[in-house]
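Single-structure report; data block below.
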2 protein chains.
Amino acid sequence: MDRLRGFRDIFPEEAEPRKKIFTVSERISERFDFSKIEFPSIEFLELYRLKSGEELVGQTFSFTDKGGREVALTPEATPSIVRMITSRKDLQMPSKWYSFQRYWRYEEPQSGRQREFYQYNADIFGLNSKEADAEVIGLACTILDEVGLDGKYSMKINSRELMESILTSAGLTDLERGYSVIDKLKKSGTEQTERELRKIGMSEEGARKLLSLIENEYDPDNFPFNSFTDYGKDPDILNRLVETGKLVKKYTRSSVVIDLSIVRGLTYYTGVVFEAYDLSGTFRSILGGGRYDRLASLMSQMDIPAIGFGMGDVILELLLKQNGDLVSEASEKSISICYADSALYDYSLSVANRFRQLGYRTSISLSGKSLSSQLRSASKWGFRYAGIIGEIELESASVTVKNMKTGQQKAIEIDSLENLQDKI
Amino acid sequence: MDRLRGFRDIFPEEAEPRKKIFTVSERISERFDFSKIEFPSIEFLELYRLKSGEELVGQTFSFTDKGGREVALTPEATPSIVRMITSRKDLQMPSKWYSFQRYWRYEEPQSGRQREFYQYNADIFGLNSKEADAEVIGLACTILDEVGLDGKYSMKINSRELMESILTSAGLTDLERGYSVIDKLKKSGTEQTERELRKIGMSEEGARKLLSLIENEYDPDNFPFNSFTDYGKDPDILNRLVETGKLVKKYTRSSVVIDLSIVRGLTYYTGVVFEAYDLSGTFRSILGGGRYDRLASLMSQMDIPAIGFGMGDVILELLLKQNGDLVSEASEKSISICYADSALYDYSLSVANRFRQLGYRTSISLSGKSLSSQLRSASKWGFRYAGIIGEIELESASVTVKNMKTGQQKAIEIDSLENLQDKI
């Protein structure tokens, strides 16, 4: 009996280190005062028709349920989250929410792309301010920094409003097609992009000038405002982006740049957009998001500004593996209880449960193997300590603790097992 | 746009306290040296036909995917886990695995039953011993104890082997129907059960004698072996159950009893079976499991003894709510940074990020509200501290920390923010 193509079984050797992605995301979200939410993994298919367009709808796992409803396995978080935020009038604004769930897409599986994946999402609803923009992007940076990618990625930010202003000034009327061409710049290269820009109606000079702007990355603290004097009638739009970039730099020592080639495919963004890339250049973007102030009003009568991002587990896991940051380490607080005879099992179990209460990862043989075989297992599985129990230990209510690193051992009474690391 | 019937949106006020169920289960699993695994949420429908019988198959969310495959959203964990354990020959035995995923069943929604739910599962593969039985049941008890149900539930254990022996001795040939009648004892009552036992071929005396055994609960430490002399030719079977019960009592101070009316519906159990019930009697069982030594060989050529259990989130959450154990408390490590003027935002943000590094849940206004409004929010949302920042604090590189419980406040330099609770 096989599993389905594009789906993964995750065995202990891979699941244990993956927990770092889950726990760091949750911990950092809480420090940023974001609250957890959960939502269904099945929604009416209609929810995605409203927002995502036919491309994403074609990629959903959709089906007709036993009650005759057209439903879909969630392919992304935003429609469900916006459905939730618009379903109650009593929610305090701003609301700062995060979630960590599974999603499904019926796409061709390839490296870095599975048909089933986890995604972390975080959003701020009810605020349109550069401080809110920077907090969401800063949260993304802090998660990457803490998960072990400090200094190994670049957070690239841009503004949809700014791009609209620049493309319009440059004589482009079909903005969607413009975004689509710019989105492919890094794949297609300068010359191909120039040809494409000409095709959709730009002059040679206009296309070259646009390319000279979007091919560079800019440090928000040294932004070349002079190069942009021809574009954008509203200086506030450019200032907002640069100020946001400056604020984001206060959250991280990793690279934060303004990159006008980052436009993101989805059409509902209205302000800042951002993506994080690993500096090695091996992978697609690690995460991405942006401001989407008009989506709530599309789905309801409510007007709720919003900014958020999503980060999948697949690319992040590959990247952390490449960096060697996902190696599971033997915990300092781990012990294997080894007993000389099965008559000692009852006492040994009470010692094991005492260590469990103290927070130790604690193993005890359940099959009556020999003491030497138990000790070999303790060493093989990387336990920090072995707790050896014979007649003497039973009679003296103690356990002989062996430090598996140093080889030292010492009898310790079971009432004195706290702070083992200071004793042996 | 609505959500589907039988599915839940979980807003922060419910999601935050639910995290206790998730984190305690994971923490205790690790202390018991169980390793996490993950498996797909979609499997070939065939996987359930093999094991679960048509009843469960009828309750699955099954559909034909875009590649024409008959697939199902996982309705339970065991088939996937057994598929995994039999898919690799190189796995070390015993393997101790746990998982925490979503499951789906197309059943009529009611209190305590959703169409989508989380379930925690833990299993030991590769061992058939009373020590392994007791470790799995002891793990279940420890999770319930730590989640806040210490002393509020009863762990009821039984043995399928023992029941087979008793029912056969009492002249029953159709064991399946016997289990099914006994399973309903608590719902149907003694008289109805006696009638049903007569119907499936037992004598009046046989049915009464059987009922006198299964209506009582027995303390494993005071088991009435004399009452059982007529039944079971193999005393080892009864001893194994009683010894297992005695070992389980070493894991918990909560109630552990032998209850012969616990047989569990699924037909694949081969040894010990168990269920936990809340002592208030309000709910269905909180968790249940048992030994299933023949399932691996049904699904493959491999012979792998196994014992495990599953615990859903829905009943547990209702029970914890009833006990008042799921109230979210204001963390001692929480602070709201409040600034007098938006010109102070940059400095205030660096102070906020310093508190985040120290592990504080830290909020900072993103919308330039007045200082008094920020302080009111800090109080309303239950922050333990407010960090007040004005010109003086900026100039002296400090923050005035207000203890929201005592009302005391004190200026503290930003290089000395560690161990705040000892200072204010």
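Structure above, values below:
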{"item": "Nearest 10 degrees, 0 to 90: helix B:12-31 Cα axis against chain B principal axis", "result": "60 degrees"}
{"item": "Residue-wise HN-Hα coupling along the range A:142-156, computed from phi with Karplus coefficients 6.51, -1.76, 1.60 (Hz; x: Gly, Pro)", "result": "5, 4, 4, 4, 6, 7, x, 9, 3, x, 10, 9, 10, 8, 9"}
{"item": "Partner chain coverage, peptide A:26-33 - average Cβ within 10 angstrom", "result": "6"}
{"item": "Relative contact order of chain B, pairs being alpha-carbon contacts under 8 Å that are 6 or more residues apart, as %", "result": "15 percent"}
{"item": "Chain A, helix-only ellipticity at 222 nm - DSSP H runs n ≥ 4, -39,500 (n - 2.57), divided by all residues, nearest 500", "result": "-10500 deg cm²/dmol"}
{"item": "Calculated on alpha-carbon atoms, Rg and Dmax of the protein assembly as shown in Å", "result": "30.4, 102"}
{"item": "The range B:73-177: GluC sites (Glu not before Pro) in DSSP loop, at most 15 other beta carbons within 10 Å", "result": "B:GLU107"}
{"item": "Partner chain coverage, peptide A:349-358 - average Cβ within 10 angstrom", "result": "4"}
{"item": "Cα-based reach from A:LYS369 at 18 Å (exclusive), listing aspartates and glutamates while leaving out same-chain residues under 8 positions away", "result": "A:ASP341, A:ASP346, A:GLU391, B:ASP33, B:GLU131, B:ASP133, B:GLU135"}
{"item": "Dipole axis of the protein assembly as shown (+1 Lys, Arg; -1 Asp, Glu on Cβ), positive-most option in B:VAL248, A:PHE39, A:VAL147", "result": "A:PHE39"}
{"item": "DSSP-defined antiparallel bridges as percent of all bridges, the protein assembly as shown, nearest 5", "result": "75 percent"}
{"item": "Inter-chain Cβ neighbour average for residues A:247-255, partner chain, 10 Å", "result": "2"}
{"item": "Entries in A:LYS333/A:LYS405; B:LYS36/B:LYS246; A:LYS96/B:LYS410; A:LYS156/A:LYS187; A:LYS96/B:LYS405 that, when Cα-Cα distance is taken, lie over 18 Å", "result": "B:LYS36/B:LYS246; A:LYS96/B:LYS410; A:LYS96/B:LYS405"}
{"item": "For chain A, size of Cβ-based charge dipole, Lys and Arg +1, Asp and Glu -1, in debye", "result": "560 debye"}
{"item": "Flagged links, alpha-carbon separation over 19 Å, of A:LYS250/B:LYS423; B:LYS380/B:LYS402; A:LYS402/B:LYS130", "result": "A:LYS250/B:LYS423; A:LYS402/B:LYS130"}
{"item": "Reach of B:LYS66 by Cα under 19 Å, taken over lysines that are not fewer than 8 positions away in the same chain", "result": "A:LYS66"}
{"item": "Nearest residue to the symmetry axis between B and A, taken on chain B by its Cβ, in whole Å", "result": "B:PHE63, 2"}
{"item": "Accessible area per residue in Å² at 1.4 Å probe, computed on chain A", "result": "41 Å²"}
{"item": "Accessible surface of chain A [probe 1.4 Å, protein heavy atoms]: carbon and sulfur percent", "result": "45 percent"}
{"item": "Reachable aspartates and glutamates from B:LYS89, criterion Cα separation under 13 angstrom, eight or more residues apart if same chain", "result": "B:ASP303"}
{"item": "Computed over the range A:1-73, the ratio Rg/Rh where both radii use C-alpha atoms and Rh is Kirkwood", "result": "1.09"}
{"item": "Cα gyration tensor of the range A:215-260 - equivalent ellipsoid semi-axes, whole Å, descending", "result": "20, 12, 7"}
{"item": "Bins of 10 Å from zero: percent of alpha-carbon pairs in the range B:304-424", "result": "12, 39, 21, 12, 10, 5, 2, 0"}
{"item": "Nearest 10 degrees, 0 to 90: helix A:190-199 Cα axis against chain A principal axis", "result": "40 degrees"}
{"item": "Cα-based convex hull, the range B:256-355, per residue volume (Å³, whole number)", "result": "227 Å³"}
{"item": "In Hz, Karplus ³J(HN,Hα) per residue of the range A:270-284 (6.51, -1.76, 1.60; θ = phi - 60°; x = Gly, Pro)", "result": "10, x, 4, 10, 7, 9, 10, 10, 6, 5, 5, x, 6, 10, 5"}
{"item": "Student exercise, the range B:217-317 dipole from Lys, Arg, Asp, Glu Cβ charges, in Debye to nearest 20", "result": "160 debye"}
{"item": "Between B and A, accessible area buried - total, square angstrom, nearest 100, 1.4 angstrom probe", "result": "7700 Å²"}
{"item": "Per-residue SASA entry for A:ILE137, accessible area with 1.4 Å probe, Å² rounded to 10", "result": "0 Å²"}
{"item": "Most fluctuating residue given options B:PHE125, B:PHE383, B:PHE39, as computed from a GNM of chain B linking Cα atoms under 10 Å", "result": "B:PHE383"}
{"item": "With eigenvalues of the C-alpha gyration tensor scaled by 5 and rooted, chain B, Å", "result": "53, 25, 21"}
{"item": "Acute angle (nearest 10 degrees) that the helix B:160-169 long axis makes with the longest principal axis of chain B, alpha-carbon atoms", "result": "30 degrees"}
{"item": "Size-normalised alpha-carbon gyration radius of the range A:108-207, reference 2.2 N^0.38 Å", "result": "1.41"}
{"item": "Long-range amide H partners of A:SER35 with built H, under 5 Å", "result": "A:LYS96, A:TRP97, A:TYR98"}
{"item": "Table column - 3J(HN,Hα) (Hz), the range A:170-178, Karplus curve with 6.51, -1.76, 1.60, x for Gly and Pro", "result": "7, x, 8, 9, 8, 5, 3, 5, x"}
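The values are calculated or read from the model by the stated rules, or taken from the named source; none is laboratory data. Everything numeric here is computed off the predicted structure, so don't read it as measured data. When we count neighbours, we look across all protein chains shown, and the Cβ atoms used for this are built from the backbone with ideal geometry, even at glycine. Please note that ligands, DNA and RNA were not included when accessible areas were found on the heavy atoms of the full protein model with its side chains. Shrake-Rupley method; radii C 1.70, N 1.55, O 1.52, S 1.80 Å.
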